[in-house]
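Below is one structure, written out as structure tokens; comments come after it.
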Amino acid sequence: MKRWSKAGALVLVAAVTAACGAGGRPDDAEPGSTVGITDTTIKIGAHFPLTGVAAPGYSEIPSGHKAYYDYVNAHGGVNGRKIEFVVRDDAYNPTNTSQVTNELVLNDEIFAMVGGLGTPTHGAVVDFLNDSKVPDLFVSSGSLQWGDDPKEKPFTFGWQPDYEIEGKIIGDWVKKNKPDAKVGLFLQDDDFGRDGEKGARRYLDDQIVAVAKYSPGNTDVAPQMAQLQAAGVDLVLGFNVPSYTALSQLVSLRIGFKPTWFYSNVGSDPTLVGALLARFSEGAVTDGASLLDGVLTTEYLAGVDAPDDPWLKLWQKVWSEHGADGDLTNYRVYGMSQAYTFVQALQAAGPNPTREGIVAAVEKAGKSFEGPAVAPFRFTGKSHLGVSGMSVVEINNGVGEEQTPVLVTDIGDAPIKEDESASKDSPPANGIPNVKPAE
Amino acid sequence: MARRQLLIALGALVVVVLVLENTSQFRNAQFAAMAYYAIAAGGLTVLTGLNGQLSLGHGALMAVGAYTTALMLQDKDAALPLVLILVIATVVTLVVGALVGVAAARLHGPYLAGATLALAVAIPGIPLYFSETLGGEQGLNVRTPPIPDWLADAVFFVTGQDLTPIRYLAYLGWLGVIVVFVLLANLSRSRVGRTWQAVRDDEVAAELAGINLGRARVLAFVVSAGCAGLAGGLMALSARLAAPSGFTLTLSLLLLSAVVLGGLGSLVGALVGAALLTFLPQVVTGFGEDAGLTDVQAAQLAPLIYGLVTVLVVLLAPAGLAGGLRKLIQWRRST
Amino acid sequence: MQQLLTTALTGLTLGMVYAAFALALVLIWRATRIVNFAQAPMAMITTYLALVLIDAGYSYWLGFAVALLSGLVLGAALERFVVRHVEGKSEVNAVILTLGLFIVLHALAALIFGSRYRSFPAPFGLRGFQVGDTTIALTGFGVFTIVAVGVVLVGLVLLFRGTDLGLRMRASAFNQEVSRLLGVKVGRMLTLGWALAALVGSLSGLLIAGGGLVHPSYMDGVVVYGFVAAVLGGLDSPVGAVVGGVLLGLSLSLVSGYVGSELVPLAALVILMAVLLGKPGGLFSHVRERRV
């Protein structure tokens, strides 16, 4: 009896499991995948820090995207398809990004990820996206890994100027204009900081006397500032997110550290930092924005401090027609600019876009996209890196005053050249690009 | 006794295969998560329920398992077989658990809670300090190792479907659950388990009966640490990442509340708790968004519910959901 | 030299904040023999209430007062309606209860106030004092922190040693049965104990927030450091809590400045284990631990 029931159980197990062999093959491995696309809609999405230490500023970027896509949808969409943009919060926490990306790709079934934000965060999912053959367009981060090796990551494209070229341009400017300065680096402890350091060291290796790193999440930067102060630093290069710009300024007030500050464009928005700082004291610091006077940074997009720029006029129009609550800020401008590039990419992919097709289209036609950035993209089959240059500005009264013309370069030992060709591009009359399908 | 357990285990395997083969990739990923939560919760429920040691640091022990796994998978060409890697991760965490357990054996109640709390906060700082080898804030990426050909063929032969990486991990996880739970159930019912309960219930009497308190407590800690290590390794594989941000204080607290909700000391309760941890957030967030909250706000509803139910359980039904159910069944039977 | 001074001063100010939090933990322990892990989110919530008022344009001091007052109310309410049910019973249950409250309060705050990082003002200035050429890393706000905690400590000592009410509270904590027999309304004393503790906790929340960023998790680290400080000084001793807090703040600041800020939690763990395994009652304890 006992032997029967054991054998019986085994047979049962085998039979049942054999019986469930009824499934089909998953369809996302075929060439020309059209997941996320129907005849009338196209669904895209990304992860952003809507909460957490990186949320000040960055949480506004998706609202820029949405406003511009709504504008385009109101004009009939792209090739008759309306764009739907799904946003998920990862709180700038790479483990969450993994989870959230699973949801976007497996549950929401997006056609492509557009603008996924953050170096440490997106780094956690870039392999998954490439393995799953999901187009990973225009990552909101300047790390090199999105574009310097298209063989490893064929589906991923950067968008903004990468941190290495920013480091190079900053390093070159400091070397030319402040050759005797003792330079200290204030870096986020991940690829963002590392890539910036790489670029800066090309020109400033002998001027750098101290390097201080922080982890996003630990808001006590007193040890780092004290370290820089103790090393006698009189010019600080900061590759950090906006909250840490405010924190570093605040701590320096406390310990009486008064270097020249040079922040990456990632962390230097005067309105945002000023708003963060303005609250911090009663009486001692009345105007937060003025703490930033004399701070140097770089710029590759016209911002809200230049309301007469033709692109700004377009963004204002889009925002007032389709924007959510609040004013147009530089982060929303960033979002809209990215969205503009995506619409160009979608047009280049032709009337029947596929995942592989849009990737090929960006490689073929991306270099010639005319957009709000002051320098052209570098998209080719060999490089998926984004905007190729920027200019150095000094912030005074919340406005960036240009110190140099647009400087263009590439990673590695490519030289730095002046190139104003792309800075003259203006938007088309109806504000929607008109890119022909790439061959 | 053993035969019954074998049948239950086989039955569970059948259920696992049926469920995994017939649900979407997304659900498979969720089931994989439920598996590693169940393993961690199983170890914790035995430690806290049977042995009475309250640990708030099991998230940190999961981190040890996760990082060990991630480190061994960094060089994907030279990687050992996956099962061996997970075993090594478990063993490493066992050793760490022994060290912690020895220190913890002399503490009780709130002191033990506070010390393990400090552990939970301290361990994530280590990869930040040694950011060269341990990846810093960004963490270590974990590329899923390729599925062994013989396994892929065997699964296709039996089920007719391809084995995707996500499903592979889910199978691995649930196999782990079955193995670990059988082990834990045996331990609980054996002399060792009775010793643990004796230590929990009355220290003085236990020592008088000849039980070495320290050894019993350390053993319980070590066993639960091993479970946490295995869970951490599986988590690193599922999330494709081992980073400090994955092992916050919140993880340890959620694990504890999952175990309390399910019922301290009950393995079925651990499964229930793990299911809640995995599936409740999506369900509740959906309700919240329908009720008009923003998605960021709705995401807070799940922890709110855990916390509220934990408080209610402690106040009203200390034996948790599983215990309450058992009592209900017994009461029904007696009336 | 400047770095050492900066580090020491930072450690002193931070240590006073840990001391305030440790004081809150000690008060509750003495009254009800429970370690209130939920003290951190309680302080966080009262700070958010202050922030709401400040955002609406009211003065910092009004927000300050409201935070302290709401701390009183919150502590009293929690004790009376929730914690009362587990007092005197299983230790494990009490700990789990406070942890459950931790999670609930956290989630409520994030729901109601949002999870964004917001800056919190600080009175008395955030610039370090200038002495000749050098700047001392002590700000007006830092001085205020030290003074405020000192005042609270003195106030509590006076209350407990010098007043009738204090005597009744001490009696209730020492032996509930006998106190009841002597006519002390023990329940009310316990509630008062929690209320006072929450007030002190709110103060520590405000002092940490000043000149920094506030978000629902900002007090979470403090619960560990406050606990270590309380254990270091002895869970039964308010003076010990303050001394423990300052010592801990200094030590951690030294670790942060000279070793690395990532290892600060580990250093706290090491200190905690050293105390618990060496002198479990803390530096200022009178109670002997029962060893089996």
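Here are the numbers for the structure shown:
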| item | result |
| --- | --- |
| Sole exception among (1) under 26 Å from the mean Cα position of the chain (by Cα); (2) modelled with pLDDT of 85 or more; (3) more than 16 Å from B:ALA239 (Cα to Cα); (4) more than 13 Å from chain A (Cβ to nearest Cβ) for B:VAL204, by number | (1) |
| Exclusive hit being modelled with pLDDT of 90 or more and among the small types (Gly, Ala, Ser), set A:ALA324, A:ALA365, A:ALA275 | A:ALA365 |
| So A:VAL211, is it β-branched (Val, Ile, Thr) and at pLDDT 90 or above | yes |
| Unmet criterion (only one of (1) facing another protein chain (nearest Cβ under 8 Å); (2) without any contact (Cβ under 8 Å) to a residue 60 or more places away in the chain; (3) under 16 Å from the mean Cα position of the chain (by Cα)) for A:THR97 | (1) |
| Matching residues in segment A:183-212 - criterion: being within 14 Å of chain B (Cβ to nearest Cβ) and closer than 19 Å to A:LYS258 by Cα | A:LEU187, A:VAL211, A:ALA212 |
| Residue in segment C:187-203 that is within 14 Å of chain B (Cβ to nearest Cβ) and out of contact with any His (no Cβ under 7 Å at 6 or more places or on another chain) present | no |
| Segment C:257-285, residues that are buried (at least 18 other Cβ atoms within 10 Å of the Cβ), under 21 Å from the mean Cα position of the chain (by Cα) and under 15 Å from C:VAL224 (Cβ atoms) | C:VAL264, C:PRO265, C:LEU266, C:ALA267, C:ALA268, C:LEU269, C:ILE271, C:LEU272, C:MET273, C:VAL275, C:LEU276 |
| Residue match in segment B:280-289 (condition: buried (at least 20 other Cβ atoms within 10 Å of the Cβ), closer than 19 Å to B:ALA38 by Cα and within 14 Å of chain A (Cβ to nearest Cβ)) | no |
| Check on A:GLY196, under 19 Å from A:VAL393 (Cβ atoms), in contact with a strand residue (DSSP E or B) (Cβ under 6 Å, 6 or more places away or on another chain), crowded, with 24+ Cβ neighbours inside 10 Å and modelled with pLDDT of 90 or more | yes |
| Matching residues in segment B:240-279 - criterion: being away from chain A (no Cβ under 14 Å), assigned to a helix (DSSP H, G or I) and not hydrophobic (A, V, I, L, M, F, W, C) | B:SER252, B:SER257, B:GLY262, B:GLY269, B:GLY273 |
| Residue among C:SER204, C:SER172 that alone is touching a Ser or Thr at 6+ places or on another chain (Cβ under 9 Å) and not charged (D, E, K, R) | C:SER172 |
| Selected residue (criterion: farthest from the other protein chains (Cβ to nearest Cβ)) from residues of segment B:137-157 that are free of Cβ contacts under 8 Å to residues at least 24 places away in the same chain and not aromatic (Phe, Trp, Tyr) | B:ASP149 |
| Helices (runs of 4 or more DSSP H) contained entirely in segment B:112-191, each with at least 3 residues that are within 20 Å of the chain's Cα centre (by Cα) | B:165-189 |
| Which numbered condition C:VAL214 fails, given (1) within 14 Å of chain B (Cβ to nearest Cβ); (2) touching a residue at least 40 places away in the same chain (Cβ under 8 Å) | (1) |
| Some residue of segment B:16-28 being within 17 Å of B:ALA236 (Cβ to Cβ) and part of a helix (DSSP H, G or I) | no |
| Segment C:14-64: number of residues that are under 24 Å from C:LEU138 (Cβ atoms), among the hydroxyl-bearing types (Ser, Thr, Tyr) and crowded, with 24+ Cβ neighbours inside 10 Å | 2 |
| Matching residues in segment A:45-66 - criterion: being touching a Pro at 6+ places or on another chain (Cβ under 9 Å) and either of a type in the set (Phe, Trp, Tyr) or over 22 Å from C:ARG118 (Cα atoms) (or both) | A:ALA46, A:PHE48, A:TYR58 |
| Qualifying residue in segment B:107-120 (condition: within 22 Å of B:ALA239 (Cα to Cα), touching a Phe, Trp or Tyr at 6+ places or on another chain (Cβ under 9 Å), crowded, with 22+ Cβ neighbours inside 10 Å and within 14 Å of chain C (Cβ to nearest Cβ)) | yes |
| All positions within segment A:253-281 that are within 23 Å of A:GLY167 (Cα to Cα), in a helix (DSSP H, G or I) and either β-branched (Val, Ile, Thr) or within 13 Å of another protein chain (Cβ to nearest Cβ) (or both) | A:VAL266, A:LEU272, A:VAL273 |
| Verdict on B:VAL218 being away from chain A (no Cβ under 14 Å), surrounded by fewer than 20 Cβ atoms within 10 Å (Cβ to Cβ) and among the aliphatic types (A, V, I, L, M) | no |
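The values are calculated or read from the model by the stated rules, or taken from the named source; none is laboratory data. The shown structure was predicted, so the numbers you read here are calculated from the model rather than taken from an experiment. A quick note on method: Cβ atoms are made from the backbone with ideal geometry, for glycine too, and the neighbour counts reach across all protein chains shown.
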